[in-house]
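What follows is one structure encoded as structure tokens, with my remarks underneath.
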Amino acid sequence: MRENDVILQTVSKIAVFIILTFGVYLFLAGHHHPGGGFIGGLTLSSAFVLLYLSFDVETVNAGIPLDYRKLAATGVLISVCTGMGSLLFGSAFLSQTFAYFNLPLFGKTELATVVLFEAGVALGVIGVVVTIITSISGEV
Amino acid sequence: MNNILVFPMILPIVAGVGLLFFRTSRSIQRWGSIAAMTAVFSISLFILTTVLSDGIMRLDFGEWLPPFGITFVADAFAMLLVSAASLVSILCLLYAAFARDEQREHFFLYPFLLLLTAGVNGSFLTGDLFNLFVCFEVMLLASYVLMTLGGERRQLVEGVKYILINILSSWLFLLGIAYIYGTLGTLNMAHLSLRIAEAGQPPLLTTISILFLVVFSLKAGLVLYFWLPGSYGALPTAVSALFAALLTKVGVYALFRTFTLLFYHEPNITHTIIGWMAVATMIGGSIGAIAYKDIRKIASYNVVIAVGFMLAGLAAFNLEAIEGAIYYLLHDILVKGLLFLSIGSIIYATGKTRFDEVSGLIVNYPLFGWMFFVTILSLGGIPPFSGFPGKILIGQGSIAAGEYVLAAVAFASSLAVLYSLIRIFLSMFWGEMSIRRKDQVPLTKGRLAPILILTLLTAGLGLGMNLLSPYVSEAANVLMNPELYINKALNKPF
């Protein structure tokens, strides 16, 4: 028997974009305010989990063909490599730097290398959370 | 700034995560992980020699100066252990590569072995108590996976116990860290040492130190070893060898670090307790080693006895005993790996786990039989092999400290080690040949190679002790004189 989940699916289609936007906002806000890669990543992955809940696993996997294990591994590699990147400039492991640039449209903007590190963290979190959720839901 | 210090921890992580992308190619998994650990081993040898010539090295992560940032501090003690751990993990990986356990290999055996060594190396190198907790967790999470990987019934039964006991001890560890941060306001180990010295280690701090003693005893298997024999017996050979060689040693390392660098002001209380715990461990371990007929159990109880023996060195707390304990720690990392690889190979070759079910193996596997005999002599501390200098120095040290009971139990426990293993050798390798030549399972060269290398190493380490002694005496010197560590680990005296 198939449950009637039209309402859930309709709401999810819109809510997912709100959650994703909020996740990106949290991720970027984290540089100066509460937020950051881990929290942003958790929020982003909650959007994926919502999709898995309201649609079934096959539909979502067909729509977003990502290997989440590899996504997690890529995230960790990015984080570690940004840590090692500072070695090339003769600084200690994990050193970070930032500078101000005049970008068109944005004006004077602060760009920091720590964003790359945090992006790795976010990808790692998304990969791990979605892998855990899909493994639990999968058949043993 | 010595960025090289981060490589023993970061290389295995990069290699392990990188291998996740090559899930289907077994040979990349096998040889890639071995190559990574070989690189780590050479780097750690290089750091070790640099430490001896230029003194203790320090790396401030992200250039945050101590005591505010996280630091890695490499003294001779830490680097000796990192080198030995990396060496033994190369050989365990080599054994795993030739054991060809394809099901486990498919489920990321090598990445998790690499992450385990990353956690172990990080624990040895870190100069920050909270970072030590983090590295412990990296190591433990990898070990949880390795414990249950394969999903055999016995593995899951023992795995649940193992995970529960370790989660409990991690929680206690965190509690201890919270207490010490609440009282002293810092977690940098050198800074902690200074502040404890200023306060003169009042009873409150001694109580906290006993909480740490409990935590690390759970990890090391000091008195609280009830979880150890079952869980180590349930594992595949290469993994059990790595566990036996490394995991308890990290707990032993943490005990040495905390009770020589931080809580060394009340040896009458703390070190006496450690002494009695060591005695209890050696007695309990000896009873276990003699009581069982299951060779995996016997090997696991031998791990327990060795832990008690090393902690006897810490309890005696003088230069000689500490030096002996460091020798013994290095010897034990290699030889416990060797013992578990040998025991695993016996079980692989015969399919039997009790020593009275097979006999006459020496005719089937002559080289392997004699290597096992050398292992026994080395474990028992017979002179030309690597166990001897550690045993003699710990004995001398504890007699010099007036700990006669400790010395007596320590040497009696060596006899128990020798007896329990000679019994295996006598009944399994000597006597009537019970497996006919045409039925015998071949032990391939690939399986024997790591065992042979480790046997040669334990002989070489015993004969070439002069090569090692400057490093060990430097390590013991730093442990007994914490100000040497503190001066290098902090920028200026606070």
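If you go through the range B:12-62 and pick out every residue that is under 28 Å from residue A:70 (Cα atoms), out of contact with any Leu (no Cβ under 8 Å at 6 or more places or on another chain) and either without any contact (Cβ under 8 Å) to a residue 60 or more places away in the chain or among the hydroxyl-bearing types (Ser, Thr, Tyr) (or both), you end up with 7. Looking across A:109, A:113, A:74, one residue alone is surrounded by fewer than 19 Cβ atoms within 10 Å (Cβ to Cβ), within 14 Å of another protein chain (Cβ to nearest Cβ), β-branched (Val, Ile, Thr) and over 29 Å from residue B:23 (Cα atoms). It is A:113. Which condition number in (1) out of contact with any Gly (no Cβ under 7 Å at 6 or more places or on another chain); (2) buried (at least 17 other Cβ atoms within 10 Å of the Cβ) is the one that residue B:454 fails? So residue B:454 meets the others, but not (1). Residues in the range B:371-403 that are more than 18 Å from residue B:452 (Cβ to Cβ) and of a type in the set (Gly, Ala, Ser): B:380, B:381, B:387, B:390, B:395, B:397, B:398, B:400, B:401, B:402. The conditions are (1) surrounded by 15 or more Cβ atoms within 10 Å (Cβ to Cβ); (2) more than 14 Å from chain B (Cβ to nearest Cβ), and residue A:24 fails exactly one of them. Which is it? Just one mismatch for residue A:24, condition (1).
The number of residues in the range A:80-96 that are more than 10 Å from chain B (Cβ to nearest Cβ) and either polar (S, T, N, Q) or within 14 Å of residue A:28 (Cα to Cα) (or both) comes to 1.
Of all the numbered requirements in (1) away from chain B (no Cβ under 14 Å); (2) free of Cβ contacts under 8 Å to residues at least 24 places away in the same chain; (3) assigned to a helix (DSSP H, G or I); (4) of a type in the set (A, V, I, L, M, F, W, C), residue A:99 misses one, and that requirement is (3).
Filtered by the rule that a residue be in a helix (DSSP H, G or I) and within 11 Å of chain B (Cβ to nearest Cβ), the range A:56-71 gives A:69, A:70, A:71.
Kindly establish whether residue B:289 is assigned to a helix (DSSP H, G or I) and either within 25 Å of residue B:201 (Cα to Cα) or polar (S, T, N, Q) (or both). Reasoning before the result, please.
Numbers: assigned to a helix (DSSP H, G or I): yes; either within 25 Å of residue B:201 (Cα to Cα) or polar (S, T, N, Q) (or both): no.
Answer is no for this residue.
Which residues, taken from the range B:15-44, are within 11 Å of chain A (Cβ to nearest Cβ), under 23 Å from the mean Cα position of the chain (by Cα) and of a type in the set (A, V, I, L, M, F, W, C)? Across the range B:15-44, the qualifying residue is only B:15. Apart from one condition, residue B:48 fits all of (1) more than 14 Å from chain A (Cβ to nearest Cβ); (2) buried (at least 16 other Cβ atoms within 10 Å of the Cβ); (3) closer than 23 Å to residue B:450 by Cα; the exception is (3).
Taken together, the values in this text are just the output of simple stated rules run on the coordinates, not laboratory data. Just so you know, these numbers come straight off a predicted model, no measurement behind them. Positions of Cβ are backbone-derived with ideal geometry, glycine not excepted, and every protein chain shown enters the neighbour counts.
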